[in-house]
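All remarks here apply to the structure that follows.
The values are calculated or read from the model by the stated rules, or taken from the named source; none is laboratory data. Since this is a predicted model, take the numbers as computed values, not measurements. Each accessible area value is taken on the protein alone, full model and side chains, heavy atoms only, with ligands, DNA and RNA left out. Shrake-Rupley method; radii C 1.70, N 1.55, O 1.52, S 1.80 Å.
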Amino acid sequence: MGAETDVKALFDDARRRLAGSPRERLGDWAHARRLLGFGRAPRIVPVGEAWHVGVLLIADAAVYATGEILRARTEAPRGYTAQAQRERSERAAAAARGGFADGETLHLGAVEIDVDAVSRGGASGPLTIVGGIPSVVWNAAGARRPLAEYLDEQLSLR
């Protein structure tokens, strides 16, 4: 069994094990259209859904590397001491304007992983082949772990 079969089979097995469990929606910035000559406030709109499994988002036909995780919330006047807090709040409000429910978790900026490239021995996002074994980089320090073990552990936590 080659790496190609292994990688695809691992994700097919994960999908089977995740069936029936809740998914989270993916979001992306909507292109702003002018309405009666006025620009609209920026919006983040739903573009799909996937199971959140650690550093991966597993959808029905694709796998993504996680991006920014947000919780949508309606816009309200708030005082912030840091610009980063203000910007994050603005993104959360943009998600609420785009159709996400107040308090709903969403993933912004998820990047599709090229599973075929990984299967051929390359790397894509946090996935790579190390010594013939599909592996995942699962933390900021760059630690690698066999993908099968990583998925087993993450799925056992559900």
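Keeping every protein chain present and rolling a 1.4 Å probe, give me the accessible area per residue for the stretch 86-158 in Å².
That works out to 50 Å² per residue.
I need the phi-derived Karplus couplings for the stretch 123-138: 6.51 cos²θ - 1.76 cosθ + 1.60, θ = phi - 60°, integer Hz, Gly and Pro marked x.
After applying 6.51 cos²θ - 1.76 cosθ + 1.60, I find 9, 7, x, x, 9, 7, 10, 10, x, x, 10, x, 9, 10, 8, 10 Hz.
Non-local amide H neighbours of TRP138 (under 5 Å, H modeled in plane, Pro and chain starts lacking H): which ones?
ALA143, ARG145
Starting from 0 in steps of 10 Å, tell me what percent of the Cα-Cα pairs of the chain lands in each bin.
Taking all Cα pairs of the chain, the binned fractions are 10, 33, 29, 18, 8, 1 percent.
For SER124, what residues show an amide H to amide H distance below 5 Å, using hydrogens built from the backbone and excluding near sequence neighbours?
none
Leaving out ligands, DNA and RNA, what percent of the accessible area of the stretch 115-158 is carbon and sulfur, probe 1.4 Å?
Reported share for carbon and sulfur atoms: 53 percent.
For the stretch 142-147, what does the Karplus curve 6.51 cos²θ - 1.76 cosθ + 1.60, with θ = phi - 60°, yield as ³J(HN,Hα) per residue in whole Hz, taken in order and with x for Gly and Pro?
Here the 3J(HN,Hα) series is x, 5, 9, 9, x, 4 Hz.
Hey, what number do you get for the chain at 222 nm if only DSSP H runs of n ≥ 4 count, each worth -39500 (n - 2.57), divided across all residues, to the nearest 500?
-9000 deg cm²/dmol
For the stretch 6-98, max minus min Cα coordinate along each principal axis, in Å, sorted largest first?
Between the extreme Cα coordinates on each principal axis of the stretch 6-98 lie 51, 35, 21 Å.
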